Amino acid sequence: MALRPETSSELLIDGKLVPGSRGTFEVVNPATEEVIGNAADAGPDDLDAAIGAARRAFDTTDWSRDHAFRAKCLRQLRDALLTHSAEFRALATEEIGCPSFLTGGPQFEGPVNDLGYFADLAENYEWTRPLGEAKPMGIPNVREVRYEAAGVVGAITPWNFPHQINFAKIGPALAAGCTVVLKPAPDTPWAAALVGKVVAEETDFPPGVLNVITSSDHALGEQLVVDPRVDIVSFTGSTDTGRKVMASASQNLTKVFLELGGKSAFIVLDDADLAGACSMAAFNVVTHAGQGCAITTRLVVPREKLDDAIAATRDAMAGLPADDPSKPGTICGPLISAKQRERVESYIQLAKDEGGKIEIGGGRPAGKDKGFFVEPTLISGLDNSARVAQEEIFGPVLVVIPHDGDDDAIRIANDSPYGLSGMVYGTDEERIKHVVDGVRTGTMGVNGGIWYAADVPFGGYKQSGIGREMGVAGFEEYLESKAVARPA
Ligand code: NAD
């Protein structure tokens, strides 16, 4: 089967690939601004049918109880997707604008392989746990707790790492025995739609277990959240939209799982290899043009080494220019859209208005008339109260902030509405531990450590979200527990 959609892709509803009732909408390559094809444009009736199908599949089939069959389907999907790896990877670079090296990791192959981890969990999870005997009110009872699939999941995802985020939701949700309606972001419909095509044509997933609804209309996200047939809303996106999702879900008291924004700190202690740390900070922030929620976007360095840190970061950024994402060696591709580029440029202007200095970058790269590129940019001269240090920019923009010792660095890291991730560089283990203990975030790297893996729970403190994705914790988000007792 060739994957490439020639004119349009299709929706997956109740096991069938169908056109969108509103026709199609354009898919744009962010590196060239060319229309590369179309995606099916779903309307409210399509979503309604998809939710109905997911509800039916959950309520009237054995899907939620047949752990071995689910594991088989997930492995089948993983293997089928991997046979199309070259095509998926090329399309990811065209549709998402992500540098091609990332498609061998989190932009495709990493999360596809992770489906095997969730298949293993479906088979090996302790679904029933005996609690032994107790005598409530003097009456002997034998008790157990059973874990069961929570029901229909409405999965709503963003455009920045669509494969990673789509699979981090559908993998554990399906492994847990839920059925799913996946609604991807309008900017990256193919990443989801083509998975739907593989599910329909190359796997044994029963009709309705996974439904994929692409649409140009954000309102379908809201429709999915308020539908009473949906048991869990699993959302990844901006904190502002997350707030709306939580408010809408309150109508039916639907459980929400939220992965939201970040403004993570990269802390350099005074005993660290400063140049090495600053190179890594530059690399992190330019990767995929900074369009990652867990990317460290505040570089917090010893005040007495501020000038050296700026020079080292500037030098590193100079070697990481924004470029064609399909070119080997490109680390910084384009932003996803003209709208996102305007947003990033407005923050760079804001930094100048607030008295910041642009140490490098700050504009569009010379010689690139097409594509939504912004140069890797380093801002100095501001403290942590500046808006560019507080708000998520979602571009290749790093703000350098001086600290006056380890506790001050922790204070700065925590002086944020977010708490998603972080990094610390140093040599003294006690001091590193003190910083890791003190920073209030869901993940922390030490000296370049990479925490991202299928078995690692990912998520945020504070306004970065509620709940954890991936790992056993991410799987358990899609379960309910049922306590059962009988007289002994
Ligand atoms: P977004 O919030 O604009 O949209 C995310 C999704 O929500 C899209 O599918 C959109 O159609 C849908 N949506 C929009 N309005 C809705 C509503 N009222 N109700 C329900 N759904 C609605 O986010 P984006 O611009 O696509 O992605 C970038 C954001 O995502 C950044 O803030 C980034 O930090 C965040 N993000 C977080 C994580 C994480 O795991 N914490 C990962 C990736 C991205």
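Is it the case that residue 173 is aliphatic (A, V, I, L, M), within 16 Å of the ligand (Cβ to nearest atom), assigned to a helix (DSSP H, G or I) and farther than 20 Å from residue 18 by Cβ?
When the stated conditions are applied, residue 173 passes them.
Tally up the residues in region 240-297 that are assigned to a loop (DSSP other than H, G, I, E, B) and either among the acidic types (Asp, Glu) or at pLDDT below 95 (or both), please.
3
Restricting to region 224-239, name every residue that is open to solvent by 40 Å² or more (accessible area, probe 1.4 Å), touching a residue at least 40 places away in the same chain (Cβ under 8 Å) and more than 8 Å from the ligand (Cβ to nearest atom).
229, 231 - these are the residues of region 224-239 that are open to solvent by 40 Å² or more (accessible area, probe 1.4 Å), touching a residue at least 40 places away in the same chain (Cβ under 8 Å) and more than 8 Å from the ligand (Cβ to nearest atom).
For region 404-421, give me each residue that is over 25 Å from the mean Cα position of the chain (by Cα) and surrounded by 24 or more Cβ atoms within 10 Å (Cβ to Cβ).
409
Can you spot a residue in region 136-159 that is within 22 Å of the chain's Cα centre (by Cα), among the polar types (S, T, N, Q), closer than 23 Å to residue 78 by Cβ and part of a helix (DSSP H, G or I)?
No, region 136-159 contains no residue that is within 22 Å of the chain's Cα centre (by Cα), among the polar types (S, T, N, Q), closer than 23 Å to residue 78 by Cβ and part of a helix (DSSP H, G or I).
Scan region 289-301 residue by residue and report those that are farther than 12 Å from residue 375 by Cα and within 11 Å of the ligand (Cβ to nearest atom).
Within region 289-301, 291, 292, 293, 294, 295, 297 qualify.
Regarding residue 380, is this residue farther than 23 Å from residue 258 by Cβ, open to solvent by less than 20 Å² (accessible area, probe 1.4 Å) and in contact with a helix residue (DSSP H, G or I) (Cβ under 9 Å, 6 or more places away or on another chain)?
Yes, satisfied.
Filtering region 464-478 down to residues that are of a type outside the set (Gly, Ala, Ser) and buried (at least 20 other Cβ atoms within 10 Å of the Cβ), which residue is nearest to the ligand (Cβ to nearest atom)?
Checking each candidate, the answer is 469.
Being more than 16 Å from the ligand (Cβ to nearest atom) and open to solvent by 40 Å² or more (accessible area, probe 1.4 Å) is the filter here; which residues of region 201-223 pass it?
Of everything in region 201-223, those that are more than 16 Å from the ligand (Cβ to nearest atom) and open to solvent by 40 Å² or more (accessible area, probe 1.4 Å) turn out to be 201, 202, 204, 207.
How many residues does region 79-108 contain that are part of a helix (DSSP H, G or I) and either among the hydrophobic types (A, V, I, L, M, F, W, C) or more than 21 Å from residue 9 (Cβ to Cβ) (or both)?
13
For region 32-42, give me the residue count where each residue is surrounded by fewer than 18 Cβ atoms within 10 Å (Cβ to Cβ) and part of a loop (DSSP other than H, G, I, E, B).
Summing the residues that are surrounded by fewer than 18 Cβ atoms within 10 Å (Cβ to Cβ) and part of a loop (DSSP other than H, G, I, E, B) in region 32-42 gives 3.
Check region 341-348 and report whether any residue there is out of contact with any helix residue (DSSP H, G or I) (no Cβ under 7 Å at 6 or more places or on another chain), modelled with pLDDT of 95 or more and small (Gly, Ala, Ser).
Within region 341-348, one or more residues are out of contact with any helix residue (DSSP H, G or I) (no Cβ under 7 Å at 6 or more places or on another chain), modelled with pLDDT of 95 or more and small (Gly, Ala, Ser).
Output the number of residues of region 445-463 satisfying the condition of being of a type in the set (A, V, I, L, M, F, W, C), farther than 13 Å from residue 257 by Cβ and surrounded by 21 or more Cβ atoms within 10 Å (Cβ to Cβ).
1
The values are calculated or read from the model by the stated rules, or taken from the named source; none is laboratory data. These figures come from a predicted structure and were not determined experimentally. Glycine also receives a Cβ, built like all others from the backbone with ideal geometry; neighbour counts cover every protein chain displayed. Protein only, heavy atoms only, side chains kept; ligands, DNA and RNA dropped before computing areas. Shrake-Rupley method; radii C 1.70, N 1.55, O 1.52, S 1.80 Å.
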